[in-house]
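**Q** One structure, pasted below without further comment.
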Amino acid sequence: MSGLGSWAARRLLLGGAQTAAVVLLVFALTEALPGDAAVALAGDQPDPARIAAVREAMELDRPAHERLADWAGGLLHADFGTSLVSGRPVGAYLSDAFGPTLLLASLTVVLLVPAGVGLGVLAARFEGRPVDRLVSAVTLGVYAVPEFALGVLLVTVFALRLGWLPPTAVGYGTDLLGHPAALVLPVLVLLSRPVCSLCRLVRASMIDALASPYVAQARRYGVAGARVRYAHALPNAVAPAAQQLARTVDWLLCGVIVVEALFVIPGLGTVLMNAVAERDVPVVQGLAVVFGVVTVVLNLGADLVAHRFAPRAEVAA
Amino acid sequence: MSGPTAVAEIDGLTVEVGGRRIVDGVSLRVLPGRVTALVGTSGSGKTTTGRALLGEFPAGARVGGSVRVAEARVGYVPQHPAEVLNPARRVGALLHDIAREQVRGLPRPRRRGAARERVLHALASAQLPEGEALLRRFPHQLSGGQQQRVVLAQALLLGARVVVADEPTTGQDALTRRRVVGELAAVAARGIGVVLLSHDLATVRALADEVLVMRDGRVVESGPAERVWSAPSHAWTRRLLSGTPAPVRRAPEGPRPDAVLQVRGLRARHRPGTEVLRVPDLTVHPGECLAVLGRSGSGKTTLARCLAGLHRTYGGEVLLDGAVLPRSLRDRDRGLLAAVQYVFQDARASFDEHRPVLDQVARTAVRLRGLPAARARAEAADVLGSLGLAAGSTARAPALLSGGELQRAALARALLARPRVLVCDEITSGLDTVTRRDLLDLLAGLLRDRGDLSLVLVTHDLDTARLADRIAVLDAGEVVEQGPARDVLTAPAHPFTSELVLPAVDVQVGAEDEAAAVGGEERHRLGDLLGAPDPAERDTGGEL
C-alpha cells in the first residue's frame, strides 16, 4: 500500500508543478502580445491617452518578473487583480459566473454517468443483437451533431413551436435553480455528445471484460448475471471511462461557450466571451488560470481512479 | 462397473466443430478422492473433454453423448491462475460472492459473518492461513503460488465434488511443480475427484490413479496409472512415454570451409553501464548447427538478438562472410535481412491473428526476395508441405493452429527467405514431448537436406542441444565452454557445464524425487533446465 501512497504523492507533486506551469504560461502569453497589453487593449482606434492610462493601471513600466511575482503572489490568496473595463475585482466575476457553470456541469454529470454507463453495459450485454445495433447507431448519429446545431434544433422544436420550455435563461440572472425549466434544454445539449462517447467506451471495455476468463469463472461458480456484469466486469471498464469522464467534466467546467451563449446563461463561458470582446486582459488571465487548475485537478482525480481500477497499469506519473 | 459411485461421468461424448470431430466417443468416470489424468499432446481433445465437465463447449459445437456431474458445481483450475482472477477487484471479491449464495438461508444480520467465516475456512483449507490480509490484496500482489491456491480455495468454498485442473504444471520449474502436485494430492485426499489434463508426464505419474491417453479426440488407451506406465499396450502411448533423445551429430571431418557467421569481441549492454554478455569469439560454419546452451538470464537470447540485428547496443562486431553486419535491422539491406533469419520462442505472438498463415509465410518471399505474390504463395505452400503442414490448415487464421503447427509455420516463414543462418530462440520450450521431438527431427532434416544452411539453436534443454554439431555454454553472460557437441555433453571441461549436463537427464523422468533430493540452491538450477521462468521472479510475494 505504500506503493500507492508514494505514487499519489509523486502525482500530486507533478500536479503542483503543472499548475505553476499554467500560471507561468498564462503570464508569458500575455507578455507575448505584440506591442504590449496596453496597445492590444486600445484596439482599433489607439488613443495615446488611453494607452498611457492602461499602462499605468497594469504597471507595465515595471520589469516583467516583478509583475509576475506580484500577480502570482496575489493568486495565492485568490486575488486575481482588477478588471480594466469595469474596475471590479476579477475574483468577483469568476465567483459570480462559477455558480451557473457549476450547476450546469454537475447536473450534466449526475445524468451523464448512469446514462452513459447504463447504455454501454446494455449494448455490451446484447453485443451484435438488435439492442446493441440500435444503441450504437443512435449514439454514433447523435455524436456527429455539433452542440450548436442540436441546440438550435431543440430550441426551435420545444421552445418556439411547442412552447413547452423557455428558449433562453434571459432574465433569470444567476438564480437558475429557481427556474428549472430553463435548465432542461441546456443540459440536454450538454449531455448529448458525452453520453455517446462514454457509452461507446464502456461498451468496448465491457465486451472485452465479459469475454474474459475471470468473468467466465464467476459465471461458472454461480454468481448471478447482473452481479457478474456490474460487480465483476464493469470495474474493468472504469479506468478508461474515468479518464474520458475527466475530460468531459473539464470541458463542462471550463464554460461551454457555445451552449452558454446559445441559452444566454451567465456562466464562465459568457464571461470569457465578453472579456475577450472587451480585451479585458486581467479577466482573461484569471479565467485561464482557473481553467488550467481545474484541468490539472480533474486529471489528477481520474488518474487516481484509474490507478485503483487498473492497479497493474503503470499510469504515467 | 462396481466400486464407489462416480462423482462425474462422461459417456460417449462427441464434440464437432465446423465438421471436424475434436472429441470422438470419449467415456470416463471420475471417482471421489481419485485423480483421473487425461494425457495427450496439444490438440488431442483433452481440454475440450475437461471443459465438457464444466458444461462448457466451444462456440458452435455439435455435442453428442452425455455428461453427468454430481449435485454441486465443478471447480476449475486453469494453467495460468492469474487468468481467472479479476485484475480490477480484490482477491476476496469472487470468494465473497460465492459464500453469499450459500448463506441465503440465514437471517440477514448473521449472513455477513457467516460468509466471512466460510471464506476464511476455505482459504485455510487451501493452505493460505494468512487469509484476512490476503483478501484485501489485488491478484497482481500475490505470488504465482498464492494465486493458484486462491483459485483452489474458490473450488473448495464452492463445495465442488469434482475439480478440473488444466495443465497446472506446464512450463513451471521443478519446485513449483512439486508444490502443485502436493496441493492437488491434498484436494483429492478430501474426497474430491480430480481431473488432471496434462502433457507433463512427470506430474501425471506422480498424481494419477487412472490414466486416459488421448489422440485426435479418441481415447487410445486407459487404465490404472501403474499399468499404463509399465506396460503400455498402444503404440502411441509408447511413443508418448518414450524419451529417446535425438542422436548426437558428429562434426564433419576434414578441413572446414570458411565461417559463415563470426562474432568477435562482442560485449552487449542493456542500459548504459550494465554489460550482460561477453562473447570474445564464436564461429558458425556453413551447414553447421551451433547450440547456445544456458539457463534463463545467462544472456543467450541477447546473443541471438545481436546476431539478428534486434539488439543494437553492443561493442565488437558480428561478421557475415567476413563482412561486418550492421547492428540494427534498419541498416541491413534485403540481402542481409534474408541471410540471417530469426524464429521466436512464442510462435503465436509472432503471427498476425487476422490473416491466414499461408499469406503471412508467403510475404517473406515477396518482401525479401522480390517474388511475385502468386509464386511466393506457391513456394510457401511447398515449404509448409515439406514441414508437414497441409494446405487446408495453413489457409486458416493462426488461432486455429496448434502451438506445434505454428512453430513449424514460423520455421517455414524464415526458410522462405533462403537464409544462410537460421537463429532459433527456444523454439521447443512450451511444446509437449511428442511435438518437441517432431520439431527436432524436422530441424535435423533441414540440416541434412539444405546443404549449407547453418542453425543457431538457443536453448536450455539438453535434448535440443544434442542436435547440434557444436555447443557453446553460457553462464552469467560469459562463454564458459565451447566445442564439439559430443565432447561438451560427454566430457564437460568446465564445472558449470558438468553441473548442467549431469542431473538433467534424471530430472526429465522423475522431477519430484530429484528435486527433493537436492538442496535449495540446486533446485533453482534444475527448475531452469526444465524450462521455467526463474522461481525468484515468479514468487514475488516472498512466501517460501
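**Q** Would a scan of region B:99-107 turn up a residue that is within 10 Å of chain A (Cβ to nearest Cβ), farther than 29 Å from residue B:44 by Cα and of a type in the set (Lys, Arg)? Explain how you work it out, then say what you get.
**A** Within region B:99-107, the subset within 10 Å of chain A (Cβ to nearest Cβ) is B:100-102.
If we keep only those that are farther than 29 Å from residue B:44 by Cα as well, we get B:100-102.
Adding the requirement that they be of a type in the set (Lys, Arg) leaves B:100.
The answer is yes, given that some residue of region B:99-107 is within 10 Å of chain A (Cβ to nearest Cβ), farther than 29 Å from residue B:44 by Cα and of a type in the set (Lys, Arg).
**Q** Shifting gears a bit: If you go through region A:276-286 one residue at a time, do you hit one that is crowded, with 20+ Cβ neighbours inside 10 Å and within 16 Å of the chain's Cα centre (by Cα)?
**A** No - not one qualifying residue is present in region A:276-286.
**Q** So for region A:120-128 (the condition being small (Gly, Ala, Ser), in contact (Cβ under 8 Å) with a residue 12 or more places away in the chain and under 24 Å from residue A:291 (Cα atoms)), does at least one residue qualify?
**A** No, there is no match, as no residue in region A:120-128 is small (Gly, Ala, Ser), in contact (Cβ under 8 Å) with a residue 12 or more places away in the chain and under 24 Å from residue A:291 (Cα atoms).
**Q** Among the candidates A:230, A:221, which residue alone is at pLDDT 85 or above and buried (at least 22 other Cβ atoms within 10 Å of the Cβ)?
**A** A:221
**Q** Looking only at region A:260-272, how many residues end up being touching a residue at least 40 places away in the same chain (Cβ under 8 Å) and either within 12 Å of another protein chain (Cβ to nearest Cβ) or crowded, with 20+ Cβ neighbours inside 10 Å (or both)?
**A** Kept after step one, since they are touching a residue at least 40 places away in the same chain (Cβ under 8 Å), are these residues of region A:260-272: A:260, A:262-271.
If we keep only those that are either within 12 Å of another protein chain (Cβ to nearest Cβ) or crowded, with 20+ Cβ neighbours inside 10 Å (or both) too, we end up with A:260, A:262-263, A:265-269, A:271.
Qualifying residue count, region A:260-272: 9.
**Q** From the list B:202, B:153, B:133, which one is within 14 Å of chain A (Cβ to nearest Cβ), assigned to a helix (DSSP H, G or I) and modelled with pLDDT under 85? Steps first, please.
**A** Working: B:202 fails: within 14 Å of chain A (Cβ to nearest Cβ); B:153 fails: modelled with pLDDT under 85.
Matching residue, one of B:202, B:153, B:133: B:133.
**Q** Still on this model: Do any helices (runs of 4 or more DSSP H) lying entirely in region B:337-406 carry at least 2 residues that are among the hydroxyl-bearing types (Ser, Thr, Tyr) and either at pLDDT 90 or above or over 23 Å from residue B:307 (Cα atoms) (or both), and which ones are they?
**A** It comes to B:391-394.
**Q** Something else about it: Looking at region B:59-82 only, could you name the residues that are within 13 Å of chain A (Cβ to nearest Cβ) and buried (at least 16 other Cβ atoms within 10 Å of the Cβ)?
**A** Listed by number, the residues that qualify are B:69, B:73, B:74, B:75, B:76, B:77, B:78, B:79, B:80, B:81, B:82.
**Q** Find the residue count for region B:331-346, including only residues that are touching a strand residue (DSSP E or B) at 6+ places or on another chain (Cβ under 8 Å) and either of a type in the set (Asp, Glu) or closer than 11 Å to residue B:413 by Cα (or both).
**A** Selection size over region B:331-346: 3.
**Q** Exactly one condition in (1) in contact with an Asp or Glu (Cβ under 7 Å, 6 or more places away or on another chain); (2) outside any helix (DSSP H, G or I); (3) within 14 Å of chain A (Cβ to nearest Cβ) is not met by residue B:164; state its number.
**A** Looking at each condition in turn, residue B:164 falls short on (1).
**Q** Tell me, yes or no, whether region A:116-139 has at least one residue that is assigned to a helix (DSSP H, G or I), at pLDDT below 90 and within 18 Å of the chain's Cα centre (by Cα).
**A** Of the residues in region A:116-139, the ones assigned to a helix (DSSP H, G or I) are A:116-125, A:130-139.
In the following step, the residues that additionally are at pLDDT below 90 were identified as none.
Scanning region A:116-139, I find no residue that is assigned to a helix (DSSP H, G or I), at pLDDT below 90 and within 18 Å of the chain's Cα centre (by Cα), so the answer is no.
**Q** Filter region B:446-483 down to the residues that are assigned to a strand (DSSP E or B) and among the polar types (S, T, N, Q), then identify the one that is farthest from the chain's Cα centre (by Cα).
**A** Here the residue is B:482.
**Q** Being under 28 Å from residue B:237 (Cα atoms) and over 20 Å from the mean Cα position of the chain (by Cα): is that true of residue B:429 here?
**A** no
**Q** Residue check: is residue B:146 within 12 Å of chain A (Cβ to nearest Cβ) and within 23 Å of residue B:176 (Cβ to Cβ)?
**A** no
**Q** Can I ask one more? Name the single residue, out of those in region A:244-259 being free of Cβ contacts under 8 Å to residues at least 60 places away in the same chain and surrounded by fewer than 19 Cβ atoms within 10 Å (Cβ to Cβ), that is nearest to the other protein chains (Cβ to nearest Cβ).
**A** By that ranking, first place goes to A:244.
**Q** Among the residues of region A:168-212 satisfying the criterion of being assigned to a loop (DSSP other than H, G, I, E, B) and without any contact (Cβ under 8 Å) to a residue 24 or more places away in the chain, which is nearest to the other protein chains (Cβ to nearest Cβ)?
**A** If we take residues in region A:168-212 being assigned to a loop (DSSP other than H, G, I, E, B) and without any contact (Cβ under 8 Å) to a residue 24 or more places away in the chain, then A:211 is nearest to the other protein chains (Cβ to nearest Cβ).
**Q** Residue by residue through region B:236-283, note down the ones that are at pLDDT 85 or above, assigned to a strand (DSSP E or B) and hydrophobic (A, V, I, L, M, F, W, C).
**A** Residues satisfying the conditions are B:261, B:263, B:266, B:268, B:277, B:279, B:282.
**Q** Pairs under 9 Å by beta carbon, first residue facing chain B (nearest Cβ under 7 Å) and free of Cβ contacts under 8 Å to residues at least 24 places away in the same chain in region A:219-243, partner part of a helix (DSSP H, G or I) and among the aromatic types (Phe, Trp, Tyr), six or more apart or different chains?
**A** A:232/A:214
**Q** For region A:254-268, name all the residues that are assigned to a helix (DSSP H, G or I), closer than 20 Å to residue A:167 by Cβ and in contact with a Ser or Thr (Cβ under 7 Å, 6 or more places away or on another chain).
**A** First pass over region A:254-268, keeping only residues assigned to a helix (DSSP H, G or I): A:257-263, A:268.
This time we only want the ones that are closer than 20 Å to residue A:167 by Cβ, so: A:257-263.
Residues satisfying the conditions are A:260, A:261, A:263.
**Q** How many of the residues making up region B:86-96 are over 30 Å from residue B:31 (Cβ atoms) and facing chain A (nearest Cβ under 9 Å)? Reasoning before the result, please.
**A** Going residue by residue through region B:86-96, those that are over 30 Å from residue B:31 (Cβ atoms) are B:86-93, B:96.
Then drop every residue that is not facing chain A (nearest Cβ under 9 Å), which leaves B:86-89, B:93.
Result for region B:86-96: 5.
The values are calculated or read from the model by the stated rules, or taken from the named source; none is laboratory data. Treat the numbers as computed from the prediction; the structure is a model and nothing was measured. Every residue, glycine as well, gets a Cβ built from its backbone with ideal geometry; the counts of neighbours run over all protein chains shown.
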